[in-house]
Amino acid sequence: MNGTFNQADGLDLLSKFLEVKINFHENKIKESHQEEDIKMRENRIKQLQSEFNEVRETILKGGPQVDIHAKVSLE
C-alpha cells in the first residue's frame, strides 16, 4: 500500500488495516485458554488503537493529502 491519498481515503485505508489486525487478535483471544496470551493480545489491541489515534491526529493536522508507505517483509 504505497501512494498519495487525500485525508479521508488515507484514514479509511489505515482504519481498514487496523480493523483487520484487531480482528486477528480478537479471534486469537476467542481461541485461547491461556490468560497470559489473552492479556497480551488485549494490550496489543489497546496499543494499536492508541497508535491509530495518534496517526489520525497527525493526518488531520497535516495537508490535504497524505503519503502512505507500508512494507511487508517476509524472511
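Its relative contact order, with pairs defined as Cα atoms under 8 Å and 6+ residues apart, puts segment 2-69 at 64 percent.
Rounding to the nearest 10 and keeping the result within 0 to 90°, find how far the Cα-based axis of helix 7-31 lies from the longest principal axis of the chain. Relative to the chain, helix 7-31 is tipped by roughly 0 degrees. On the beta carbon distance between Lys30 and Ala70, with R0 = 30 Å, the FRET formula returns roughly 0.65. Against the chain, whose longest principal axis comes from its Cα atoms, helix 35-61 is set at around 10 degrees.
Structure remark: mean-square fluctuation, Gaussian network model of the chain, C-alpha springs under 10 Å; the largest value among Ser15, Ser32, Ser50 belongs to Ser32.
Just check the chain against the gyration tensor rule for me: Cα atoms, a ≥ b ≥ c as the square roots of the eigenvalues, rounded for a/c under 1.5, and otherwise prolate or oblate depending on whether a/b exceeds b/c. Verdict is prolate for the chain. Number of Lys-Lys pairs in the chain with C-alpha atoms under 28 Å apart and a separation of 8 or more places or on different chains: 20. For Asp12, what charge total do you get from the other residues with a beta carbon under 15 Å from its beta carbon, if Lys and Arg give +1 and Asp and Glu give -1? Local charge sum for Asp12: 0.
Bear in mind these aren't lab numbers, they're just calculated from the coordinates by the rules spelled out. Source: prediction; values computed, not measured. Ideal geometry is used to build each Cβ from the backbone, glycine not excepted, and the neighbour counts take in all protein chains shown.
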